[in-house]
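J.: To start, I am sharing the structure in question, which I have written as structure tokens.
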Amino acid sequence: MNLFPLFADLKNKLVLVVGGGAVAERKIASLLAAGAQVRVGAPSFTSAIRLMAEQEKITLLEDEFQPGWMEQVWLIVAATDDRNLNKHIALLANQACRFINVVDDPELCSFQMPSIVDRSPLVIAISSSGSAPVLARRVREKLETLFDHSLGALTTLAEKHRPAIRRLRPNLNQRRQFYDWLLDGPVAGALRSQQPALAEQWLEQELECAPGSPTGKVVLVGAGPGDPGLLTLKALRALNEADVILYDRLVSPEILALARRDATQVCVGKSVGEDHDATQDRIHALMLQHAQDGQRVIRLKGGDAFIFGRGGEELEFLQAHGVAYEVIPGITAAIACAAYAGIPLTHRNHAQSVRFITAHSAKENDKLDWHSLAAEKQTLAFYMGVSQIQWLARQLQEHGRSPDTPVAIIENGTRPTQRVVTGRLRDLPQLVLEHQVQAPSMLLIGEVAAMADTLHWFGTHIPSLETLETY
């Protein structure tokens, strides 16, 4: 983070605004809304600022800037049109250990005044760290449409009854369930309908009911291949409701950052060379332990839990032990990586089917139907195939697949570091070696793979030396 976000209590605290123009007016209004005592200094003032002084809302200092104005103030806002003066004020402020905001000059600022979505006492602040104020304003406009104004009244009601909620729902999980009900149930609905008395009645009635014992649950969530924008809305909600998150090695940090801050995060990913069955047994034990403790457990998997994710095995275990569960699908890596590489997995002229294949340990336990896989007019999507590339290429060619078949290797698919290498089946091992392709990578084999050379749109693309004439 370029800036550390915080909310300052300015009630009855002295704040200095240097400047008497229209920009200063806006800053003064925001500070007054926060309950600050505002001192405004400048040689001249707009009529609106003078009116605020006449109404005794602010104090005016009609003069050139004086360092003494800064005494006993908590914050300073420099809103003059003289950069040299603003720079001088910023220097003095830093020497005096005062936070200062210099309007439209982020280099001189020690704090930023954000764009605000005000549902007081609920307040949402948006900052671009001073880099793009217009972008922050546009984000604020979007957020304004998402949050009903009744959220302010709901926050106030929750604050009023907070002592009772803590007393009658002493268990943390019970309180979370109550607040979920408060946000999603009849109380929020009554406030949206401008019926505050009915809303409070609903809340008090619910509090009088004895809470049940917290019930544990496991939710299998597909996190997709890495881009957090590919999470479903249900997956995002689950991450924000989780008590414990058991996540795979390939789940991106950006996705984990979307989870509730106080959730326990445990990496349970499998690595090359370790006993995967033993690791899976540990995952089963952790799910059972936390669910039996009444916690909401998120089993977070890269891609989709039901495509080479052992999700079926985990559900069988949960069912056998009487643990409640739910499944939230994710976008599997083959679909997402192909789309981000500009490769349609099926095409009316070139691929009438697509097959998902795991190359993990396939060489040691080869049960694949290579004659079927070598047929034309289909797309093969190999998961976890980098270490087996040479063997895969040889098997397909030995069983009849043309050495000229287009291939595409998608490294770090959907992530900012995505790289797509295209070529021919005969050159596949050389491509991997030459470009030092690393896991995680998705291997696509079939006529449609050549389309990446012309349809790529995301990340780095390393084209083959030749492209099929049909494309």
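The values are calculated or read from the model by the stated rules, or taken from the named source; none is laboratory data. As the structure is a prediction and not an experimental result, all values here were calculated from the model. We place every Cβ from the backbone using ideal geometry, glycine too, and count neighbours over all the protein chains shown. The area values use the complete protein model at the heavy-atom level, side chains included, leaving out ligands, DNA and RNA. Shrake-Rupley method; radii C 1.70, N 1.55, O 1.52, S 1.80 Å.
J.: Starting from residues that are open to solvent by less than 50 Å² (accessible area, probe 1.4 Å) and under 29 Å from residue 115 (Cα atoms), keep the ones in the stretch 155-174 and report whichever is nearest to the chain's Cα centre (by Cα).
T.: By that ranking, first place goes to 155.
J.: Something else: For residue 392, state whether it is modelled with pLDDT under 95, more than 35 Å from the chain's Cα centre (by Cα) and surrounded by 14 or more Cβ atoms within 10 Å (Cβ to Cβ).
T.: Spelling it out, residue 392 is indeed modelled with pLDDT under 95, more than 35 Å from the chain's Cα centre (by Cα) and surrounded by 14 or more Cβ atoms within 10 Å (Cβ to Cβ).
J.: Shifting gears a bit: Of a type in the set (D, E, K, R), at pLDDT 95 or above, open to solvent by 20 Å² or more (accessible area, probe 1.4 Å) and not in a strand (DSSP E or B): is that true of residue 404 in this structure?
T.: Here the answer is yes, as residue 404 does meet what is asked.
J.: Would you be able to tell me the number of residues in the stretch 407-455 that are assigned to a helix (DSSP H, G or I), within 18 Å of residue 386 (Cα to Cα) and touching a residue at least 40 places away in the same chain (Cβ under 8 Å)?
T.: Residues that pass the stated criteria total 3.
J.: Pull up the stretch 277-308, narrow it to residues that are open to solvent by 20 Å² or more (accessible area, probe 1.4 Å) and part of a loop (DSSP other than H, G, I, E, B), then point me to the one that is farthest from residue 357 (Cα to Cα).
T.: Taking the candidates together, the pick is 293.
J.: OK, next. The conditions are (1) within 24 Å of residue 23 (Cβ to Cβ); (2) outside any loop (DSSP other than H, G, I, E, B); (3) touching a Ser or Thr at 6+ places or on another chain (Cβ under 8 Å); (4) not β-branched (Val, Ile, Thr), and residue 112 fails exactly one of them. Which is it?
T.: Unmet for residue 112, out of (1) within 24 Å of residue 23 (Cβ to Cβ); (2) outside any loop (DSSP other than H, G, I, E, B); (3) touching a Ser or Thr at 6+ places or on another chain (Cβ under 8 Å); (4) not β-branched (Val, Ile, Thr): (2).
J.: Checking the conditions here, which among 224, 152, 216, 229 is at pLDDT below 90, under 29 Å from the mean Cα position of the chain (by Cα) and either closer than 30 Å to residue 305 by Cα or surrounded by 14 or more Cβ atoms within 10 Å (Cβ to Cβ) (or both)?
T.: 216
J.: Let me ask another. Could you identify the single residue in 336, 362 that is in a helix (DSSP H, G or I), under 28 Å from residue 450 (Cβ atoms) and either at pLDDT below 95 or touching a Ser or Thr at 6+ places or on another chain (Cβ under 8 Å) (or both)? Working first, answer last.
T.: Details: 362 fails: in a helix (DSSP H, G or I).
From the options 336, 362, the qualifying one is 336.
J.: What residue, among those in the stretch 412-438 that are of a type in the set (S, T, N, Q) and touching a strand residue (DSSP E or B) at 6+ places or on another chain (Cβ under 9 Å), is farthest from residue 302 (Cα to Cα)?
T.: The initial filter retains those residues of the stretch 412-438 that are of a type in the set (S, T, N, Q), namely 412, 414, 417-418, 422, 430, 436, 438.
After this cut, where a residue has to be touching a strand residue (DSSP E or B) at 6+ places or on another chain (Cβ under 9 Å) as well, the list is 412, 414, 417-418, 422, 430, 438.
Working: 412: 12, 414: 12, 417: 17, 418: 16, 422: 24, 430: 28, 438: 17 Å.
Checking each candidate, the answer is 430.
J.: Take the stretch 232-254 and flag every residue that is open to solvent by less than 40 Å² (accessible area, probe 1.4 Å) and in a strand (DSSP E or B).
T.: Those that are open to solvent by less than 40 Å² (accessible area, probe 1.4 Å) and in a strand (DSSP E or B): 244, 245, 246.
J.: Quickly run through the stretch 194-211 and pick out the residues that are surrounded by fewer than 15 Cβ atoms within 10 Å (Cβ to Cβ) and either closer than 17 Å to residue 163 by Cα or modelled with pLDDT under 90 (or both).
T.: Once the filter is applied, which keeps residues that are surrounded by fewer than 15 Cβ atoms within 10 Å (Cβ to Cβ) and either closer than 17 Å to residue 163 by Cα or modelled with pLDDT under 90 (or both), the stretch 194-211 yields 201, 204, 205, 208, 209, 210.
J.: Take the residues of the stretch 309-326 that are free of Cβ contacts under 8 Å to residues at least 24 places away in the same chain and of a type outside the set (A, V, I, L, M): which is nearest to residue 354 (Cα to Cα)?
T.: 312
J.: Ok, one more. At positive phi and in a loop (DSSP other than H, G, I, E, B): which single residue out of 130, 212 fits that description?
T.: None of the other options fit; the residue is 130.
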